[in-house]
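So the structure is just underneath, and the comments pick up after that.
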Amino acid sequence: MWNLDFITERDFTDHVKATIEKYGEKLESFDLKRFNKNIVDPIKLIFDKTVYHLTWNEIVSNEIFRQRDKANNNDIGYFHQLIFQYIDNCHVPPNGEEGGWDVIYKNADGIAIPDAGVVHTVYVEMKNKHNTMNSASAGKTFIKMQNQLLNDDDCACFLVEAIAQRSQNIKWETTVDKKKVGHKLIRRVSIDRFYELVTGQSDAFYKICVTLPEVIEKAVRELNDTVVPHDTVIDELNKIGDKRMGESKDFAIAMAIYMLGFGSYNGFNRNQK
């Protein structure tokens, strides 16, 4: 039984599928060439393997996961932003258009802002995590919001954070040109409070989270093997290690790892076989 009355099952499933497909090339299988595209740090891999008592298979898998994960954060931002296109009164502008806002929420009945009265439009800048903006970026975003308020006296501007320090809808205070600034219509809002505002349900984001695992599993099944990577890195390293006769398997793979970053370095370039 579908328990989200602010988004249809079909729209939610399609959005989850689209998010998975956004992973794109990051879901492609890793071979040794791709694994070392930006040159891995062999010294770190050796330390990590030994200190954390990992196998070579585990350390290589962890590095592949790290490389994929580094690129996937933007795609999770896509999930958080684009889902609002399916929710009443919300609009997701094309990238870079309509002021570059991530979401625009309009309500003809009015939108109550704590300690600031009622407006009819909220302009949203969305961030995945509360600590992803440095001071310069925060100042630039605040000025953008100030300019919006100057051009529209019937709006508020929200910095919505998917992973905030706490559940909140507060006046955002930051530093611009070394001065502390704030405005009651410029708000710092956790994503659960934003969902509450646009759906009228205090637990709307909770319902999203509870429903998500099953929908992701269903989407992956429907996409079949198109999202299942088949990595060959450890197999290729093993083959390289097998060529080093008279050395232990562990040391031979360690040398294969070293060659990824240090193959042209003095000493290493004499030991290639």
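Yes or no: the stretch 58-67 includes at least one residue that is at pLDDT below 95, in contact with a Gly (Cβ under 9 Å, 6 or more places away or on another chain) and open to solvent by less than 70 Å² (accessible area, probe 1.4 Å).
no
Give the residues of the stretch 241-258 that are open to solvent by less than 50 Å² (accessible area, probe 1.4 Å), over 32 Å from the mean Cα position of the chain (by Cα) and closer than 21 Å to Lys44 by Cβ, sorted by residue number.
Within the stretch 241-258, Gly241, Ala252, Ile253, Ala254, Met255, Ala256 qualify.
Given (1) over 25 Å from Leu150 (Cα atoms); (2) touching a His at 6+ places or on another chain (Cβ under 6 Å), identify the lone condition not met by Glu161.
All conditions pass for Glu161, except number (1).
Only residues that are open to solvent by 70 Å² or more (accessible area, probe 1.4 Å) and assigned to a loop (DSSP other than H, G, I, E, B): list them for the stretch 14-32, please.
Glu28
Is it true that Gly99 is under 25 Å from Asn147 (Cα atoms), open to solvent by less than 70 Å² (accessible area, probe 1.4 Å) and assigned to a helix (DSSP H, G or I)?
yes
Give the stretch 214-240 a look and list any residue that's polar (S, T, N, Q) and open to solvent by 50 Å² or more (accessible area, probe 1.4 Å), or say none.
Across the stretch 214-240, the qualifying residues are Asn224, Thr226, Thr232.
Filter the stretch 1-13 down to residues that are of a type in the set (S, T, N, Q) and either more than 26 Å from Ile216 (Cβ to Cβ) or part of a helix (DSSP H, G or I) (or both), then give me how many there are.
1
Looking at the stretch 201-219, I want the residues that are closer than 13 Å to Ile83 by Cβ and have a partner that is of a type in the set (Asp, Glu) with Cβ atoms under 7 Å, at least 6 apart or on another chain. Which pairs are those?
Ala204/Glu196; Phe205/Asp192
Quick check on Asn38: is it of a type in the set (S, T, N, Q) and either assigned to a helix (DSSP H, G or I) or under 19 Å from Val124 (Cβ atoms) (or both)?
Against the criterion (of a type in the set (S, T, N, Q) and either assigned to a helix (DSSP H, G or I) or under 19 Å from Val124 (Cβ atoms) (or both)), Asn38 does not qualify.
With the requirement that a residue be surrounded by fewer than 17 Cβ atoms within 10 Å (Cβ to Cβ), outside any helix (DSSP H, G or I) and hydroxyl-bearing (Ser, Thr, Tyr), what does the stretch 175-213 give you?
Thr175, Ser202
Would you check which residues across the stretch 137-174 are open to solvent by 90 Å² or more (accessible area, probe 1.4 Å) and more than 30 Å from Cys209 (Cα to Cα) and list them?
Lys140, Leu150, Asn151, Asp153, listed by residue number.
Of the numbered conditions (1) among the acidic types (Asp, Glu); (2) in contact with a strand residue (DSSP E or B) (Cβ under 8 Å, 6 or more places away or on another chain); (3) surrounded by 16 or more Cβ atoms within 10 Å (Cβ to Cβ), Asp115 fails exactly one; give the number of that condition.
(3)
Find the residue count for the stretch 44-57, including only residues that are open to solvent by 20 Å² or more (accessible area, probe 1.4 Å), assigned to a helix (DSSP H, G or I) and aliphatic (A, V, I, L, M).
The total comes to 2.
Checking Lys33 against (1) free of Cβ contacts under 8 Å to residues at least 40 places away in the same chain; (2) closer than 23 Å to Ala219 by Cβ; (3) of a type outside the set (Val, Ile, Thr), which test does it fail?
All conditions are met except number (2).
In the stretch 112-150, how many residues are assigned to a strand (DSSP E or B) and farther than 29 Å from Asn74 by Cβ?
Adding up the residues that qualify gives 6.
Listed here are the residues, each with its yes/no results for (1) farther than 27 Å from Ile143 by Cα; (2) surrounded by 17 or more Cβ atoms within 10 Å (Cβ to Cβ).
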site: Arg34; (1), (2): yes, no
site: Asn74; (1), (2): no, no
site: Phe84; (1), (2): no, yes
site: Asp88; (1), (2): yes, no
site: Pro94; (1), (2): no, no
site: Ile104; (1), (2): no, yes
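Can you name the condition, by its number, that Asn134 falls short on among (1) of a type in the set (S, T, N, Q); (2) open to solvent by 20 Å² or more (accessible area, probe 1.4 Å); (3) under 20 Å from His91 (Cβ atoms)?
Unmet for Asn134, out of (1) of a type in the set (S, T, N, Q); (2) open to solvent by 20 Å² or more (accessible area, probe 1.4 Å); (3) under 20 Å from His91 (Cβ atoms): (3).
The values are calculated or read from the model by the stated rules, or taken from the named source; none is laboratory data. Owing to the predicted nature of the structure, the values given are computational and were not obtained by experimental measurement. Neighbour counts are summed over all protein chains in view; Cβ atoms, including those assigned to glycine, are modelled from backbone coordinates with ideal geometry. Note: areas computed on protein heavy atoms with side chains; ligands, DNA, RNA excluded. Shrake-Rupley method; radii C 1.70, N 1.55, O 1.52, S 1.80 Å.
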